[in-house]
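One structure is given below, encoded as structure tokens.
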Amino acid sequence: MDTTAIQTLLKEYDLDGWLFTDFQGRDPITHDFLKLTDRKCTRRLFYYIPAAGQPVKVLSAIEPLLLDHLPGKKFLYKGIQGQREVLAQILEPGKRIACQYSPGGNVPTISTMDAGLVEYLRTFGMEPMSSADLMQHFGAVLTEAQIESHRKAGVIIHRILDEIFSWIRKNLNEGRYIDEWMMLKEFGRLIRAEEIYMDSPPFFGIDDHACDPGYEPEPSGSRQIREGSRLIIDIAGRLPEEDAVYYDISWCMNVGPEIDPEYERLFNSVYNVRSRVLSFIQERLNEGKAICGYEADALAKTLFRAQGLDSYIMHRTGHNIGHNCHGIGANLDDYETHDVRRLLPGTMFSIEPGIYTQEYGVRLEYDVYITKDKKTKIFGPVPDKILVI
């Protein structure tokens, strides 16, 4: 653990310290960040990193070794009164201390500290602050190796997509019946031959099924794929190795060259909104100004509202991407939550606005990486029109 880097950030964010705590493995952020063993602690532990000075470990005398792999001075307590006496030495009144806490529950990703514990900590006179932006620096900033893993996953995913599109065209040309479920099974056959891990199946939605962003094909009720069918695909996968990063895309397609004019109109609208959101982010970066996740989402909503399409929005504009498809960093979200976290250099996120009417579903997604010199970068192709199968 690089405590020097953590303390530098604490000073930058005007914080007096960062407090981690766990009990029976209830806080996955603390568990991962402190690299705790798989053995769950049966008594509450605390690990405190002050903005200056050495870290402090607070553990039950029954479990004194759980934090021995971390630097810092160790305090052992016996009983709740002993715990309070130790914490009172650390959590001095008036201190602004970062915790895995989000005021109002605005950022559920980071809000793993329960309300009762927040109340308990406040009895010491400290002021709990959110660690949301701090955590991004250590959990969402990607290495060059991770970026390369993202690129490699994209190459494999696009190769499989090309094979799926060829499979659709070949079957239709030969007069065979195919549907969403059969397409999903064919994708599964192809993906098993590749080194790609997926935590959920891809989204394949034909015609009105594309209007449901949570749709999953099943053997019964799958839509037939035929000439003129409209298709949304959403695929997210990564290499199986440790710390590999997801590649996550959504594309819109049409089976055959005859494209419904309304489908094309909605596609152009979503495409332009996505492009404008990307430009907005780059403009802010060029100006050296901070940009929060909610601001990008708010812009997308404003643009859709100007076209009378805002009532067809069903989800946020984007999410952080890391080793988990939905990573721990800032989301482009002022719809499902109010994400006040900043978009940081070295992080990756999707931009995926979507419109879902009763007849048409259109979602377009690509992944954006902010380089260390504050330039936005996209890996992989970016279709500017509905793809024809």
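No value in this document is a laboratory result; all are computed from the given coordinates. Source: prediction; values computed, not measured. Glycine also receives a Cβ, built like all others from the backbone with ideal geometry; neighbour counts cover every protein chain displayed.
Looking only at Pro128, Pro353, Pro219, which one moves most when the chain is put into a Gaussian network model with springs between Cα atoms under 10 Å? Fluctuation is largest for Pro219.
A straight line joining the Cα centroids of segment 6-52 and segment 142-170 runs 37 Å.
Of all DSSP beta bridges confined to the chain, the antiparallel ones make up roughly 75%. Could you tell me whether segment 49-96 comes out rounded, prolate or oblate from its Cα gyration tensor? Rule is a ≥ b ≥ c as square roots of the eigenvalues, rounded for a/c under 1.5, then prolate if a/b exceeds b/c, otherwise oblate. Since a/c reaches 1.5 but b/c is at least a/b, the shape of segment 49-96 is classed as oblate. Remark: the Cα gyration tensor places segment 144-388 in the oblate category, a/c being 1.5 or greater and a/b not exceeding b/c. Sequentially through segment 240-249, phi angles give Karplus couplings (6.51, -1.76, 1.60; θ = phi - 60°) of x, 6, 4, 6, 4, 10, 5, 10, 9, 9 Hz, Gly and Pro residues having no value and appearing as x. Sequence-distant contacts, meaning Cα pairs under 8 Å at least 6 residues apart, place the relative contact order of segment 144-388 at 20 percent. Couplings for segment 17-32, taken from phi via the Karplus curve 6.51 cos²θ - 1.76 cosθ + 1.60 with θ = phi - 60°, read x, 9, 10, 10, 8, 8, 8, 6, x, 6, 10, x, 5, 4, 4, 6 Hz in order; Gly and Pro are left as x. In this structure the amide hydrogen of Gly17, modeled in the peptide plane, comes within under 5 Å of the amide hydrogens of Ala51, Ala98, none closer than 5 places in sequence on its chain. Using C-alpha pairs under 8 Å with a sequence gap of at least 6, the mean separation divided by the residue count of segment 67-221 gives a relative contact order of 15 percent. The residues packed around Asp333, meaning those with a beta-carbon under 14 Å from its beta-carbon, carry a net charge of -2 if Lys and Arg are +1 and Asp and Glu are -1. Mean residue ellipticity, 222 nm, helices only, the chain: the sum of -39500 (n - 2.57) across DSSP H runs of n ≥ 4, divided by residue count and rounded to 500, is -10500 deg cm²/dmol. For Glu336, nonlocal amide neighbours, meaning residues 5 or more places apart or on other chains whose placed amide H falls under 5 Å from its own, are Arg316. Running a GNM on the chain with Cα contacts under 10 Å, which residue among Gly214, Gly188, Gly256 ends up with the highest mean-square fluctuation? Among Gly214, Gly188, Gly256, the largest GNM mean-square fluctuation belongs to Gly214. Just report the Cα centroid separation between segment 221-261 and segment 287-360, whole Å. A separation of 20 Å, based on Cα centres. Counting every other Cβ atom within 10 Å of each residue's Cβ, Phe124, Phe349 order from fewest to most as Phe124, Phe349.
Exposure proxy ranking for Arg316, Arg223, based on other Cβ atoms within 10 angstrom of each Cβ and starting from the fewest, stands as Arg223, Arg316. Any idea which of Thr21, Ile191, Ala290 is furthest toward the positive side of the dipole for the chain, if Lys and Arg beta-carbons carry +1 and Asp and Glu beta-carbons -1? Positive-most Cα among the choices belongs to Thr21.
Evaluated with a Cβ-only charge set (Lys, Arg +1; Asp, Glu -1), segment 256-360 carries a dipole of roughly 480 debye about its Cα centre, given to the nearest 20.
Oblate is the label for segment 184-291, because a/c, from the alpha-carbon gyration tensor with a ≥ b ≥ c as root eigenvalues, is 1.5 or above and a/b does not exceed b/c. For segment 376-386, the Karplus equation 6.51 cos²θ - 1.76 cosθ + 1.60, evaluated at θ = phi - 60°, returns couplings of 7, 9, 10, 9, x, x, 10, x, 9, 8, 4 Hz by residue, with Gly and Pro reported as x.
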